[in-house]
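Read through the structure below, which is laid out as structure tokens, and then see the notes.
Just so it is clear, none of the values below were taken in a lab; they were calculated from the coordinates. Keep in mind it's a predicted model, so treat the numbers as computed, not measured. So basically every Cβ, Gly included, is an ideal-geometry build from the backbone, and we count neighbours across all protein chains shown.
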Amino acid sequence: MALSLYNTATRTVSEFTPLTPGKVGIYLCGATVQAPPHIGHIRSGVNFDILRRWLSASGFDVTFIRNVTDIDDKILHKAVHEEIPWWAVAMKYERAFTDAYKALNVLPPTYEPRATGHITQMIDLMQTLIEKGHAYAPGNGDVYLEVRSLKSYLTLSNQKLDDLQSAGDSEETFKKDPRDFALWKAAKPGEPSWPTPWGDGRPGWHLECSAMAQAYLGETFDIHGGGLDLIFPHHENEIAQSEAAGYGFAKTWMHNAWVTTAGEKMSKSLGNSLQVQELIKRVRGIELRWYLGSAHYRSMLEFSFEALEESAVAFRRIEAFLDRAIGILGSTPDGVISSTFADAMNDDLAVPAALAYISEIVKSGNNALTANDTKALAAAAAEVRGALGVLGCDPRDDAFAGQSADNNGAIDGLISLALQQREAARARKDFAASDAIRDQIAALGIVIEDTPQGPRWQISSGR
RNA sequence: GGUCGGAUGGCCGAGAGGCGAGGCUCAGGACUGCAAAUCCUGCUACACGGGUUCAAAUCCCGUUCCGACCUCCA
């Protein structure tokens, strides 16, 4: 079964065929670094990280670009508000995003270009657009794209130009048509600017993505991704710019759905408590990732702390199986991708179906464990590990070192000492003494389980 | 006004004409000195009203409710 993906441009799921066999180029609209990341931002990162990992696991050589928008109105406003330079705002929040991505095991992109590093490419693109008669500089330092000059526009969102509500903005006087959008904004006093043939200024929001996608992936590339809300205007305008310049641009458009709270798109007022840095105080990063990745990427994910906790419990069950299996097997099996898992992922990344299959494997693996069938156990553990690897939730991944309830040699020695005492007490049926030892260890946050292979312990993963 | 989604059991969350996805919770059982873990069993749902069909959660028409986008947005 070949990989099929939903393409927003055609509103259908269709077989994915790369432009160059064996290679895939992906451009994901990354963050505007003007605030710390909340789980909505990071869901997009996780969803597309799963896509990327699946493409890699399927044998593709993936070039993954995720940009950083480090110049924009909000950043400038924030700089004034925080009384620090605009670049300090951008770098501060870029780091916050980087930390969040790392905590959730989102792989660093192949290249992570910043908008301000690509002014040259943007000027080249504007030059081309003006030469082709699709853009104009009215003389005030702005440069606009003339949407009426385009052969097609608004094909992604399927809207008609005349149906759009007019912006009603007071600064639109230089535009030929109110729907024309800014490629470049004239410098204002006190704001950063770069020189261009049309005057000093700074980039409009949409221009950077067209310029950087072309710079790193070429004029035509495979997949362009982002959140649902970027369809209009951002992606429409990217298409307008790039196609007007003569580029083929993206073949497949993918959009992830929202994390919502109380049925609504996450709002700023609730945003603080849903920042990644706050949530990973409640659950481990791997558990938050599991939660965000578990719903289908095109479905809304209704956030609640209860659902997050429940999801973490479900994940710990899988993790516990893997721990037990590795303990019995004496080694960590390499991940194996089963055909059932592959079929699910190939069906437009049907993660929920893949998770249902993982549950079945864990169940059969636990049965193998009870039956002491190490061959079946090893097979199950390998499949679970393979699946978790693609989902970026392999507790044995180095990225999660320190997050897993991994045994430490010295602690293991001490606990073992106590467990020997307890076993001795149990042997002489002094259960009061043995339970007392277990209770004392439990009070330290360590859980004891008696198994046919003897007692085992782990640091309680519940927080 | 235009465009696009959604409503599934106590909860979360898939599916998209016929076979009870899966998980969590809960109840009962097996195992266990007791726990824990694990396994087994049970809990038969698809907003409402029509229609098409041998058969509808799924398709069609209508209704209600919820949400997203329409130049800040993941």
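Let's test the formula: R0 of 22 Å, r as the Cβ-Cβ distance of A:ILE328 and A:GLN420. What FRET efficiency results, to the nearest 0.05? It would help to have the intermediate numbers written out before the result.
Details: r = 21 Å, r/R0 = 0.94.
Computed FRET efficiency for A:ILE328 and A:GLN420: 0.60.
More than 23 Å apart: what percent of Cα pairs in the stretch A:296-399 qualify?
Numbers: 1455 of 5356 pairs.
Result: 27 percent of Cα pairs exceed 23 Å.
State the extension gain, in nm to one decimal, for the chain segment bounded by A:THR120 and A:ARG95, taking 0.36 nm per residue of separation less the distance between their alpha-carbons. Please report the intermediate quantities before stating the final value.
Values: separation 25, 0.36 × 25 = 9.00 nm, distance 2.48 nm.
Additional length available on full extension: 6.5 nm.
Given points 7 Å out from each Cα along the Cα-Cβ axis, report the A:ALA2 to A:ARG298 separation in nanometres with one decimal.
Spacing of the two 7 Å Cα→Cβ label points: 1.9 nm.
Within a 10 angstrom radius of the beta carbon, how do A:GLU306, A:GLU243, A:GLU287 rank from fewest other beta carbons to most?
A:GLU306, A:GLU243, A:GLU287
Please compute one quarter of the surface area of the Cα convex hull for the stretch A:409-459 and express it in square nanometres.
On the way: hull surface 13.3 nm².
Average projection, Cα convex hull of the stretch A:409-459: 3.3 nm².
Are there any helices in chain A, counted as whole DSSP H runs, that stretch 27 Å or more along their axis by Cα and score at least 0.0 on average by Kyte-Doolittle, and if so which?
Details: long enough: A:305-329 (36 Å, 0.57); A:351-370 (28 Å, 0.61).
Correct list, ordered by number: A:305-329, A:351-370.
Gap in Å between the Cα centre of the stretch A:14-43 and the Cα centre of the stretch A:275-324?
The stretch A:275-324 and the stretch A:14-43 have Cα centres spaced 21 Å from each other.
Sort all Cα-Cα distances of the stretch A:4-256 into consecutive 5 angstrom bins from zero, then give the percent of pairs in each bin up to the one containing the longest distance.
1, 6, 13, 17, 19, 17, 14, 8, 4, 1, 0
Pulled fully out, how much extra length does the chain show between A:THR220 and A:ASP61, if you take 0.36 nm times their separation in residues and subtract their Cα-Cα distance?
On the way: separation 159, 0.36 × 159 = 57.24 nm, distance 1.66 nm.
Gain on stretching A:THR220 to A:ASP61: 55.6 nm.
Please list, in chain and number order, the residues 5+ apart from A:GLU146 or on another chain whose amide H is under 5 Å from its amide H, with Hs placed from the backbone.
A:ALA135, A:TYR136
State the dimensionless ratio Rg/Rh of chain A (Rg: radius of gyration of Cα atoms; Rh: Kirkwood radius). Mind dumping the intermediate values first?
Numbers: Rg = 26.4 Å, Rh = 24.8 Å.
Radius of gyration over Kirkwood radius for chain A works out to 1.07.
Enumerate the amide H contacts of A:THR220 below 5 Å, restricted to partners 5 or more residues apart or on another chain; note that Pro and chain-start residues carry no placed amide H.
A:GLY248, A:PHE249
Report the extension gain between A:GLN277 and A:ILE411 in nm, rounded to one decimal, defined as 0.36 nm multiplied by the number of residues separating them, less their alpha carbon distance.
Working: separation 134, 0.36 × 134 = 48.24 nm, distance 2.87 nm.
Taking A:GLN277 through A:ILE411 to full extension adds about 45.4 nm, to one decimal.
Once you keep just the Cα pairs under 8 angstrom separated by 6 or more residues, what percentage relative contact order results for the stretch A:280-400?
Numbers: 112 pairs, mean separation 39.9, N = 121.
Result for the stretch A:280-400 is 33 percent.
Could you give the distance between the Cα centres of the stretch A:51-83 and the stretch A:219-268, to the whole Å?
13 Å
Could you please report the charge total around A:TYR101, scoring K, R as +1 and D, E as -1 over all other residues with beta-carbon less than 14 angstrom from its beta-carbon?
On the way: positive: A:ARG43, A:ARG52, A:ARG53, A:ARG66, A:ARG95, A:LYS102, A:ARG289; negative: A:ASP49, A:GLU94, A:ASP99, A:GLU112.
Around A:TYR101, the charge tally is +3.
Just to verify a number: FRET efficiency for A:THR20 and A:LYS102, C-beta to C-beta distance, R0 = 45 Å, to 0.05?
Numbers: r = 30 Å, r/R0 = 0.67.
Plugging the Cβ-Cβ distance into 1/(1 + (r/R0)^6) gives 0.90.
Given contacts defined as C-alpha pairs under 8 Å and at least six residues apart, what's the relative contact order of chain A, whole-number percent? Walk me through the intermediate numbers first.
Values: 695 pairs, mean separation 73.7, N = 463.
Answer for chain A is 16 percent.
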